[in-house]
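Peer 1: This is the structure I have questions about; it appears just below.
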Number of protein chains: 2
Amino acid sequence: MQRKTVQREAIQEVFRNSEHPLRLEDILAQGRLLVPTLNRATVYRNLKLLVEIGWLAQVQHPSLGTIYERADLAHHHHFHCNSCDRIYELPGCVLNAAATPEGFIVQEHEIFLSGLCPACVQPAP
Amino acid sequence: MQRKTVQREAIQEVFRNSEHPLRLEDILAQGRLLVPTLNRATVYRNLKLLVEIGWLAQVQHPSLGTIYERADLAHHHHFHCNSCDRIYELPGCVLNAAATPEGFIVQEHEIFLSGLCPACVQPAP
DNA sequence: GTGCTGATGAGATTGCATTTGCAATAGCAT
DNA sequence: ATGCTATTGCAAATGCAATCTCATCAGCAC
């Protein structure tokens, strides 16, 4: 049966502490703060497992590659900041239902925005 | 200087004859109908060149990888049919401006829909 | 037609994300 | 504490898209 390991716990903890979807390198770096010997292969193995059991969801981002996020999130989309490189989850859906195409049946959709996040927009002095 | 070659002409012809964005394999297969010896490396070289001169645009699709389309198209998004595997260009923008996030500056956006295209939706008998 | 050189074809090569093999380690039921 | 075996770390191996090498071919100016 499946065992509880400090490595897997660390990976889950990283997600619990993060408000952002994460790339493999993010997970590895933050996980190593908890378990310094944490290995890349171990992260891949656990991500795969966590996706299989439905705890994580895997998303293919067009410019960032594979990203991971908690599977229990409400419907949302992703914003990538071109300045600080963070990924944000945008609650709700910016898809305009009225504009969905005639004759097509939409089963899934992905929306990726990019630009500047509030933290990177210079506030006026 | 740059020469006119049957290979490059064939690749451009494939795009002129297509209403869909194309993957490398599509371009290669359709191009070989015009120039049977057409080589994968040649296609890559010409795609790169056509993107550089602004004749083609390159798009990263989250599930299909790199796709190419004419650069002179109006703003649009992409629909991937899960049944016939074709990619469609959807005129207009289904992005709901009212729902764009507070405090974020959106510089680019990509919307990918998938589902069933009209040709794959069974018509009632 | 000739010569220069940009372009091609074929295969080898790279770069990168992800996976795998295996010996060593560590959960956990007993 | 002991034994079974899932899990880990490490390095090597994969898979794949994209790129490069280089000998040969083919535009095109002359």
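The values are calculated or read from the model by the stated rules, or taken from the named source; none is laboratory data. The shown structure was predicted, so the numbers you read here are calculated from the model rather than taken from an experiment. Cβ atoms come from the backbone with ideal geometry, glycine included; neighbour counts cover every protein chain shown.
Peer 1: Is it the case that A:G31 is closer than 23 Å to B:E110 by Cβ and among the small types (G, A, S)?
Peer 2: Spelling it out, it is not the case that A:G31 is closer than 23 Å to B:E110 by Cβ and among the small types (G, A, S).
Peer 1: Restricting attention to segment A:86-115, and to residues there that are buried (at least 18 other Cβ atoms within 10 Å of the Cβ) and touching a residue at least 60 places away in the same chain (Cβ under 8 Å), which single residue is nearest to the other protein chains (Cβ to nearest Cβ)?
Peer 2: A:Y88
Peer 1: Got a number for residues in segment A:1-40 being touching a strand residue (DSSP E or B) at 6+ places or on another chain (Cβ under 6 Å) and either outside the structural domain of A:H61 (by TED's automatic domain parsing) or near DNA strand D (Cβ under 7 Å from one of its atoms) (or both)?
Peer 2: Total meeting the criteria: 0.
Peer 1: Also: Would you check if B:E69 is touching a Pro at 6+ places or on another chain (Cβ under 6 Å), assigned to a strand (DSSP E or B) and not hydrophobic (A, V, I, L, M, F, W, C)?
Peer 2: Answer is yes for this residue.
Peer 1: Continuing with this model, one more query. Could you tell me which residue of segment A:74-85 is farthest from the chain's Cα centre (by Cα), considering only residues that are touching a residue at least 24 places away in the same chain (Cβ under 8 Å) and surrounded by fewer than 16 Cβ atoms within 10 Å (Cβ to Cβ)?
Peer 2: A:S83
Peer 1: Considering every residue within segment B:68-82, establish whether at least one is over 20 Å from A:S63 (Cα atoms) and facing another protein chain (nearest Cβ under 10 Å).
Peer 2: yes
Peer 1: If you don't mind, another one. In segment A:91-125, what residues are at pLDDT 80 or above, closer than 13 Å to B:I105 by Cα and more than 21 Å from the chain's Cα centre (by Cα)?
Peer 2: The answer is A:V121, and nothing else.
Peer 1: Write out, first by first residue and then by second, each pair whose Cβ atoms fall under 9 Å of each other, whose residues are 6+ apart or on separate chains, and whose first residue, in segment B:1-20, is under 25 Å from B:R86 (Cβ atoms) while the second is within 10 Å of DNA strand D (Cβ to nearest atom) and among the aromatic types (F, W, Y).
Peer 2: B:F15/B:Y68
Peer 1: Which members of segment A:1-20 meet the condition of being in contact with a helix residue (DSSP H, G or I) (Cβ under 9 Å, 6 or more places away or on another chain) and aliphatic (A, V, I, L, M)?
Peer 2: Matches in segment A:1-20: A:V6, A:A10, A:I11, A:V14.
Peer 1: Right, A:L64: under 30 Å from A:Q2 (Cα atoms) and more than 9 Å from every other protein chain (Cβ to nearest Cβ) or not?
Peer 2: no
Peer 1: Quick one: B:V43 ticks every box in (1) more than 9 Å from DNA strand D (Cβ to nearest atom); (2) out of contact with any Phe, Trp or Tyr (no Cβ under 6 Å at 6 or more places or on another chain) bar one, so which box is it?
Peer 2: (1)
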